[in-house]
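Dropping a structure here in structure tokens format, bear with me for questions.
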Ligand SMILES: [Zn+2]
């Protein structure tokens with residue numbers, strides 16, 4: 001099995017109003033390919049990470065970003081099941097490289113949620129809630145129709161079982177905001193959030209307030225993956241040390257722990273095993289943080305805190321700037337930007353390459369990037385988890 | 001705007017037909033009697049069972065308790081404007097499965113995890129829905 005490396009990255013942030021998804025993916029890919037120091041003609045495979053792929057029959061759309069950019073691809077597939085697609089795309093790249101199908105694979109994902117929601121003039125305008133879920137889930141007549149409608153069950157159950165409080169969730173929201181204050185590209189740059197402000201906010205969907213919910217932004221990220229042999233010539237290669245996946249779907253609705261824990265165990269074991277690392281080796285953590293509850297659960301499920309002790313852990317350990325466990329150092333999905341499944345990768349790459357201007361960690365050698373998602377409404381709920389370990393060596 | 005209708009497909013049509021007749025149906029294994037919702041192959045994996053593992057739709061007790069809940073304070077779509085605040089909950093049914101619905105007939109501030117409920121079929125603006133109402137123990 002070939003060792004993999006990420007050798008290029010391109011990012012577009014801020015409003016992309018008036019642009020198509022395929023054009024922002026093409027542009028991010030162009031930047032990533034230039035960053036990798038290679039020619040477009042060398043990129044012969046492309047993976048598009050979508051929030052949901054393939055709806056509407058055999059073809060999801062009439063055009064594709066590799067055609068727009070003129071990539072001579074032998075392979076192009078959109079993938080998507082919400083949340084874990086970044087890890088899956090890297091795994092696909094590994095297979096293509098292993099079999100000699102491609103030497104360089106570009107992976108791209110993005111979002112136009114911000115500008116499209118402005119255009120749709122959605123009724124509520126509530127942060128993170130305007131995204132239109134697919135029609136037809138059976139939860140709709142019950143008013144269960146956005147991610148926040150059911151993700152809040154995680155927090156509700158955790159609060160009941162373990163005495164977790166709103167203040168604990170606020171410790172997450174405010175510390176991720178503190179990171180965003182150091183990132184000029186973040187949605188909430190320049191807009192501090194104190195614990196007092198958080199606790200004074202109205203509930204959106206109790207127990208979640210507006211700042212328990214991720215941002216809705218435009219933007220795109222692309223990265224170029226290649227084999228370790230080719231990566232040696234690149235300017236700032238980042239090694240893919242481990243990839244893992246976990247799934248709770250077979251237990252959903254019988255195994256009742258899945259409302260207080262995520263399918264981390266197997267994903268972590270696979271990825272950490274491949275990498276030969278333990279928690280102590282991780283210098284920065286990029287959790288998939290669609291809601292504050294997901295951060296809390298992952299702090300426990302990865303083992304930084306015992307099960308049910310995430311709240312107490314947050315009282316004693318800082319995850320914000322200057323803290324001992326730096327989590328989502330760009331501000332994350334909560335306060336920076338939502339590039340579909342690739343936000344964590346973008347920040348991990350910046351930190352490992354020493355390019356996280358204004359928030360660069362000292363001696364950042366190994367990063368954890370997680371994904372969380374899956375089917376999103378009743379009865380299945382976000383049963384998937386992914387773990388990726390990246391490092392500078 | 002009216003209440004959206006449930007998405008009815010080949011796996012849950014019998015459930016919703018039951019709701020229309022005022023019944024709260026669960027899938028039951030014909031081999032061992034285990035209860036499921038939504039429809040699922042029996043987790044006992046009985047060998048040589050017929051298609052879909054010999055499941056049939058049988059009326060459940062409708063009894064259970066709130067497992068987790070939330071309170072929607074914002075109308076996420078226009079038709080919910082006169083419904084907020086409303087409670088969405090996961091109900092742990094006495095038979096074992098979990099079932100997601102609204103808790104009604106109860107002030108939103110009084111809903112608690114562990115609260116006993118029973119499922120009733122109500123007409124909500126022309127759509128029959130299985131909803132949870134408080135059910136004091138023994139009632
Ligand atoms: Zn059975």
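Throughout, read-outs are computed from the coordinates displayed, never taken from laboratory work. Treat the numbers as computed from the prediction; the structure is a model and nothing was measured. Here the Cβ is made from the backbone with ideal geometry for all residues, glycine too, and neighbour counts use every protein chain on show.
Run the simple label-point estimate for residue A:61 and residue A:3 please: 7 Å along Cα→C-beta, distance reported in nm.
3.6 nm
Here is a further query. Determine the shielding of peptide B:113-126 by partner chains: average, over its residues, the number of Cβ atoms on other chains within 10 angstrom of each Cβ.
Details: counts 5, 1, 0, 0, 0, 0, 0, 0, 0, 0, 0, 2, 1, 0.
Mean number of neighbouring Cβ atoms from other chains: 1.
Taking a spot 7 Å from the Cα of residue A:393 along the direction of its beta carbon, which residues of the range A:345-362 have an amide N less than 18 Å from it?
Correct set: A:352-354, A:362.
To continue, here is another question. Using every alpha carbon pair in the range A:4-116, what percent of pairs falls into each 10 Å bin from 0 up to the bin containing the largest distance?
P(r) for the range A:4-116, in whole percents per bin: 14, 48, 33, 5, 0.
Taking neighbour Cβ counts within 10 Å as the exposure measure, how do A:1, A:334 sort from fewest upward? Intermediate values should be presented prior to the final figure.
Numbers: A:1 8, A:334 33.
Placing the least packed residue first, the sequence is A:1, A:334.
Select from A:226, A:370, A:194 the residue whose mean-square fluctuation is largest in a Gaussian network model of chain A (Cα-Cα springs shorter than 10 Å).
Comparing A:226, A:370, A:194 in a Gaussian network model of chain A, the most mobile one is A:194.
Using 0.36 nm times the number of residues separating residue A:281 and residue A:201, minus their current alpha carbon distance, what extension gain do you get?
On the way: separation 80, 0.36 × 80 = 28.80 nm, distance 3.73 nm.
Residue separation times 0.36 nm, minus the Cα-Cα distance, leaves 25.1 nm.
Separate question: List the extent of the Cα atoms of the range B:63-134 along each of their three principal axes, largest first, rounded to whole Å.
Largest to smallest, the principal-axis extents are 35, 26, 18 Å.
Quote the Stokes-Einstein diffusion coefficient, in whole µm² s⁻¹, for chain A, based on the Kirkwood radius over alpha carbon pairs, a temperature of 37 °C and a viscosity of 0.692 mPa s. If you can, show how the numbers build up before the last one.
Working: Rh = 20.8 Å.
So the translational diffusion coefficient is about 158 µm²/s.
Taking 0.36 nm per residue of sequence separation and subtracting the Cα-Cα distance, how much length would be gained by fully extending the chain between residue A:316 and residue A:74, in nm to one decimal?
Extending this stretch completely gives an extra 82.0 nm.
Follow-up question, since we're still on this one. Taking the 0 to 90 degree range and rounding to the nearest ten, how far is the long axis of helix A:21-35 tilted relative to the main principal axis of chain A, both from C-alpha atoms?
Tilt relative to chain A: about 60 degrees.
Still on this structure, I have one more. So, in Å, what gap is there between the alpha-carbon centers of the range A:1-42 and the range A:171-236?
20 Å
May I ask for the Rg/Rh ratio of the range B:13-59, computed from Cα atoms with Rh as the Kirkwood radius, given to two decimals?
Numbers: Rg = 11.0 Å, Rh = 10.9 Å.
Reported Rg/Rh (Cα atoms, Kirkwood Rh): 1.01.
If you look at just the Cα atoms of chain B, how large are its Rg and its Dmax in Å?
Values for chain B (Cα only, Rg and Dmax): 16.2, 52 Å.
Want the number for residue A:265 to residue A:40: 0.36 nm per residue separation, take away the alpha-carbon distance, what's left? Mind showing how you got there, number by number?
Details: separation 225, 0.36 × 225 = 81.00 nm, distance 3.88 nm.
Contour length minus the Cα-Cα distance gives 77.1 nm.
Please list, by residue number, everything in the range B:79-123 whose backbone N is under 19 Å from a paramagnetic label point 7 Å out along Cα→Cβ of residue B:32.
B:93-98
Please average, across the residues of B:96-103, the number of beta carbons from any other chain that are within 10 Å of each residue's own beta carbon, and give a whole number. Please list the in-between numbers first.
Values: counts 3, 3, 9, 3, 12, 5, 4, 0.
Other-chain Cβ atoms within 10 Å of each residue's Cβ, averaged: 5.
At residue A:363 and residue B:61, where each label point lies 7 Å from the Cα along Cα→Cβ, what is the point-to-point distance in nanometres?
5.9 nm
Given a Förster distance of 25 Å, report the FRET efficiency between residue A:256 and residue B:133 from their Cβ-Cβ distance, rounded to the nearest 0.05. Intermediate results must be reported in sequence, preceding the final value.
Working: r = 22 Å, r/R0 = 0.89.
Efficiency computed from Cβ-Cβ geometry: 0.65.
To continue, here is another question. Work out the mean other chain Cβ neighbour count within 10 Å for the residues of B:37-44 and drop it here as an integer. Don't skip to the end; give the middle numbers.
Details: counts 2, 6, 1, 5, 1, 0, 4, 0.
Mean number of neighbouring Cβ atoms from other chains: 2.
Treat each spin label as a single point 7 Å out from the Cα along the C-beta direction, and report the residue B:23 to residue A:233 distance in nm.
Placing both labels 7 Å along Cα→Cβ, they lie 7.1 nm apart.
Relative contact order for chain A: what is it in percent, counting Cα pairs under 8 Å that are at least 6 residues apart? Don't jump to the answer; show the numbers that get you there.
On the way: 908 pairs, mean separation 98.4, N = 393.
Contact order relative to length: 25 percent.
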